[in-house]
Amino acid sequence: GWDGNDYEIFFAEVLVNVAAKSLSVARTAKLTNNAYDDLSPRLSESHITWSSVNASGKHDIYVQPIATIGTQAAQKISSSAYDSYDPEISGDKVVWHAKTGASTDIFLWDGTQTRQVTSNGASNSAPDIDGDHVVWQALEGNDFDIFLYQIDTRQTKQISTGSGDDIT
């Protein structure tokens with residue numbers, strides 16, 4: 001939300017009482033407090049991730065375990081050398097796309113380390129993640145195709161091959 005100077009990330013834990021048909025806020029926390037915009041928050045059952053503009057004007061990706069809110073700082077999981085955007089999360093795993101020169105590539109935080117999933121010179125974008133599967137669209141040649149990456153085997157498979165655009 002807007003804090004009067006720039007966009008920051010806030011967290012609210014909401015308790016639901018189905019029998020009473022009521023909601024109550026258990027706790028709130030301001031996760032960021034800096035002079036730069038913090039954007040695109042995404043939430044899983046155990047973690048929150050977002051993009052933050054850094055001092056050089058590039059975007060970094062951060063992750064924070066919900067259990068450590070208020071006791072530990074968030075962890076930067078992207079390289080400041082790249083402009084990183086649009087994180088998506090599943091459990092403790094985060095994917096995003098980053099401008100790596102002339103191309104855009106997909107990156108994955110697997111809960112312990114960051115790895116570059118693509119390095120094919122294509123425009124890879126719009127990643128999404130579910131469990132151990134990552135999907136994204138890639139502009140290769142004249143059209144977009146969809147790709148699937150299996151995290152545990154580190155195998156990538158093209159899952160669309162049509163002559164028209166296939167997008168996520």
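Here is a yes/no grid of residues against (1) over 19 Å from Glu13 (Cα atoms); (2) assigned to a loop (DSSP other than H, G, I, E, B); (3) modelled with pLDDT of 95 or more; (4) open to solvent by less than 70 Å² (accessible area, probe 1.4 Å):
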| position | (1), (2), (3), (4) |
| --- | --- |
| Thr32 | no, yes, yes, yes |
| Tyr36 | yes, yes, no, no |
| Glu45 | no, yes, yes, no |
| Trp50 | no, no, yes, yes |
| Val63 | no, no, yes, yes |
| Ala67 | no, no, yes, no |
| Pro87 | yes, no, yes, yes |
| Trp96 | yes, no, yes, yes |
Hits in the range 62-85 - residues which are in contact (Cβ under 8 Å) with a residue 40 or more places away in the chain and touching a Lys or Arg at 6+ places or on another chain (Cβ under 9 Å):
Val63, Ile69, Gly70, Tyr85
Quick check, is Phe107 open to solvent by 30 Å² or more (accessible area, probe 1.4 Å), farther than 27 Å from Thr28 by Cα, assigned to a strand (DSSP E or B) and of a type in the set (Phe, Trp, Tyr)?
no
Does the range 69-82 hold any residues that are at pLDDT below 95 and either under 23 Å from Phe144 (Cβ atoms) or crowded, with 19+ Cβ neighbours inside 10 Å (or both), and which are they?
Tyr82
Those residues that are in contact with a strand residue (DSSP E or B) (Cβ under 6 Å, 6 or more places away or on another chain), over 27 Å from Tyr82 (Cα atoms) and touching a residue at least 12 places away in the same chain (Cβ under 8 Å), I need them from the range 1-53; list them, please.
Ala12, Glu13, Val14, Val25, Ala26, Arg27, Thr28, Ala29
Qualifying residues in the range 4-29 (those that are surrounded by 13 or more Cβ atoms within 10 Å (Cβ to Cβ) and closer than 23 Å to Thr71 by Cβ) - the one nearest to the chain's Cα centre (by Cα):
Ile9
Filter pass, Phe144 being closer than 23 Å to Ser78 by Cβ and not in a loop (DSSP other than H, G, I, E, B)
no
Name every residue in the range 61-83 that is of a type in the set (Phe, Trp, Tyr) and within 11 Å of Ala98 (Cβ to Cβ), in order of residue number.
Tyr82
Residue count, the range 113-136, condition among the β-branched types (Val, Ile, Thr) and open to solvent by 30 Å² or more (accessible area, probe 1.4 Å), comes to 2
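The values are calculated or read from the model by the stated rules, or taken from the named source; none is laboratory data. Note that the coordinates shown come from a computational prediction; the quantities given were computed from them, not determined experimentally. Because the Cβ atoms are built from the backbone with ideal geometry, glycine has one as well, and the counts that use them run over all protein chains shown. Please note that ligands, DNA and RNA were not included when accessible areas were found on the heavy atoms of the full protein model with its side chains. Shrake-Rupley method; radii C 1.70, N 1.55, O 1.52, S 1.80 Å.
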